[in-house]
Amino acid sequence: MKLLITVVFGALLAALPISAFANNACKAPAIITAADVTTSDGSEYRVETYYRSPKEAATRFITDATTTMAVEGAFAWSRQGATESLAGDNEKRFVIGHQFHALAFYFEQIAKDIAGVTDVSFGGQDYVGLQGTYPNEGTITLLESTDNRPYALILNLPEESEITVAFDDWRAAAGKKELPYALTVTHEGREFYYRYSDVSFFEGDVGKDAIDFHEAITAPGIDEINIHRLHRALMTAHCRGDAEMMARLTAPTGIVASRGEIFETTREQTLSRFASVFSRVDYTGYHDLKDPLVELANSRDIGWIVVNPLAEGRENESGELFSTQWAWVMLVRKLDGVWLNAGNASNLKQPPE
C-alpha cells in the first residue's frame, strides 16, 4: 500500500505544470508568498518570497533592518539597507530553502535524483514520500499525508542540523488547487510559525499571467547581476515579441558576427530587424541550458557574457515548430550607468546528419 501511495504521489507531482527546463524565460511556474512569522522565543518578523525557478528566486526578511537575498543564474546576492554584495552557496541554499510552497509543489523541478521512500519517521509516525538531492548539496525529503497532500519537508543540508517544515491550514486558492496557509519550521530546538496572508501561483506566460522576476525584485547595484539581467531581459523580449524592448536594451551602435558575416548595427536597425523577426516567428520557450558566464574588464564599463540558450517556437506562416540551440558571446557596455547589449558573436548547433 505504501509503495502504491508513493507512486500516486509521484504521479501527482509530475502532472503539475513544470517547465521542461529549469530556467525558461518565456514560461515558468511562479509563486509569490507573504507570511507573518512568530518564533518559539517570542520574536516576530515578516517574510516575502518570490520564485520562478531554482535559478530565479528571492527571499525578503522584513524587520527593523530589512534583508533581501536572491539567486540569479550562477549568482547569489544580498542586500541589507544600503549594503549590497555578491554571496555564495550558503546563501543560495538559504534562499531556496525558504521557498516552502515551491519545494512542496515543484519538488521535481528543484530536487535531483528523486526516488520514492517509505517508513520515514516524522512526529512519531511513519510516512511515504519522495527524496532527492538538494541544490548545492544536501538531501531533501517530501512526505505526504494520508489525503495525498504534501505534509512535511525534511532538509539535511551541509554543516546544518536537520530542518523540518510541517504544512497546515489548507485552503482553496483562487479556484486552483488547495494550498497551505500555515506551516511550522523546526530547527535546533526553535520553532518558527508562518501564517500566510498571500500565496499566489502564476503558471502562464511571463508578462501576462506569470510574474516578471526583474520587476518583483529590484536589481542591486552589482555589475555582474545587471549584466546577467540584461541577458535574461533580452530573452524575455523574444518571448514577448517586443522589438522596442530589444532596441531599448541595445547600445546606440554595436557589431554582430553571425552566420559567417560581420556587420555593424544601430539601435534603429535593431528595432527594424527584430520587428521583422517577430512578425515571422513566435517564441514559446527560451531556456538557459547552462548558467551564463559573466566577465568584466578592469574598467568595469565593458564586459561580455557567454550563454548557451535553447530557443523554441513556431513559424507564423507555416505553423512549423522549431527548436534551435545556440552559443554566443554578447558584448556589453555601460552607458550612463546602464548595461546595454553592444553586439555578439554567435553560432548555431547543427542537427546531426
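On inspection, Thr184 passes the criterion of being in contact with a Phe, Trp or Tyr (Cβ under 9 Å, 6 or more places away or on another chain) and at pLDDT 95 or above. Every listed requirement among (1) more than 17 Å from Asn341 (Cα to Cα); (2) in a strand (DSSP E or B); (3) out of contact with any helix residue (DSSP H, G or I) (no Cβ under 7 Å at 6 or more places or on another chain) is met by Tyr283 save one, (3). Filtering Val332, Val306, Val338 for residues that are in contact with a Leu (Cβ under 6 Å, 6 or more places away or on another chain), hydrophobic (A, V, I, L, M, F, W, C) and in the same structural domain as Phe263 (by TED's automatic domain parsing) leaves a single hit, Val306. All conditions but one from (1) closer than 19 Å to Val185 by Cβ; (2) part of a loop (DSSP other than H, G, I, E, B); (3) of a type outside the set (S, T, N, Q) apply to Leu143; the one that does not is (2).
Inside region 157-166, residues that are out of contact with any His (no Cβ under 9 Å at 6 or more places or on another chain) and either of a type in the set (Phe, Trp, Tyr) or surrounded by 15 or more Cβ atoms within 10 Å (Cβ to Cβ) (or both) make up a count of 3. Only a single item in (1) in contact with a Gly (Cβ under 9 Å, 6 or more places away or on another chain); (2) surrounded by fewer than 18 Cβ atoms within 10 Å (Cβ to Cβ); (3) of a type outside the set (A, V, I, L, M, F, W, C); (4) not in a strand (DSSP E or B) is not met by Arg93, and it is number (2). The numbered conditions (1) touching an Asp or Glu at 6+ places or on another chain (Cβ under 9 Å); (2) over 23 Å from Ile302 (Cβ atoms); (3) of a type outside the set (Val, Ile, Thr) are all true for Ala247 except (2).
When the residues of region 61-86 are filtered to those that are in contact with a helix residue (DSSP H, G or I) (Cβ under 9 Å, 6 or more places away or on another chain) and of a type in the set (Gly, Ala, Ser), the one that is surrounded by the fewest Cβ atoms within 10 Å (Cβ to Cβ) is Ala74.
Has region 39-58 got at least one residue that is assigned to a helix (DSSP H, G or I) and either modelled with pLDDT of 90 or more or acidic (Asp, Glu) (or both)? Within region 39-58, none of the residues are assigned to a helix (DSSP H, G or I) and either modelled with pLDDT of 90 or more or acidic (Asp, Glu) (or both). Would region 269-283 turn up any residue that is without any contact (Cβ under 8 Å) to a residue 60 or more places away in the chain and within 25 Å of the chain's Cα centre (by Cα)? Yes, that holds for at least one residue.
For Val206, the requirement of being surrounded by 15 or more Cβ atoms within 10 Å (Cβ to Cβ), within 30 Å of Arg273 (Cα to Cα) and at pLDDT below 95 is met.
Contact map, region 114-131: first residue under 10 Å from Leu143 (Cα atoms) and of a type in the set (Val, Ile, Thr), second residue surrounded by 10 or more Cβ atoms within 10 Å (Cβ to Cβ) and at pLDDT below 90, Cβ cut-off under 6 Å, separation 6 or more or different chains; pairs are Thr118/Lys2; Val128/Lys2; Val128/Ile5; Val128/Thr6. Inclusion of Arg240 among residues that are within 30 Å of Asn298 (Cα to Cα), surrounded by 15 or more Cβ atoms within 10 Å (Cβ to Cβ) and not assigned by TED's automatic domain parsing to the domain that holds Leu86 is not warranted.
Could you say whether any residue in region 315-328 is of a type in the set (Val, Ile, Thr), touching a residue at least 12 places away in the same chain (Cβ under 8 Å) and more than 24 Å from Ala219 (Cα to Cα)? Yes: one or more hits.
When region 108-155 is filtered for residues that are within 27 Å of Lys55 (Cβ to Cβ), over 19 Å from the mean Cα position of the chain (by Cα) and of a type in the set (A, V, I, L, M, F, W, C), the ones remaining, listed by number, are Ile114, Ala115, Val117, Leu130, Leu142, Leu143, Ala152, Leu153, Ile154, Leu155.
Yes/no per residue for (1) in the same structural domain as Val307 (by TED's automatic domain parsing); (2) buried (at least 21 other Cβ atoms within 10 Å of the Cβ); (3) at positive phi; (4) under 17 Å from the mean Cα position of the chain (by Cα):
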| position | (1), (2), (3), (4) |
| --- | --- |
| Tyr194 | no, yes, no, no |
| Ser197 | no, no, no, no |
| His231 | yes, yes, no, yes |
| Thr253 | yes, no, no, no |
| Ser258 | yes, no, no, no |
| Phe263 | yes, no, no, no |
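Contact map, region 162-176: residues that are assigned by TED's automatic domain parsing to the domain that holds Tyr151 and at pLDDT 85 or above paired with residues that are surrounded by 12 or more Cβ atoms within 10 Å (Cβ to Cβ) and small (Gly, Ala, Ser), Cβ distance under 7 Å, separation 6+ or inter-chain. Pairs shown: Thr164/Ala152; Val165/Ala152; Ala166/Ala152; Phe167/Ala104; Phe167/Ala152; Asp168/Ala182; Asp169/Ala182.
The values are calculated or read from the model by the stated rules, or taken from the named source; none is laboratory data. Since we're looking at a predicted model, the values are computed, not measured. Backbone-built Cβ (ideal geometry, glycine too); neighbour counts: all protein chains shown.
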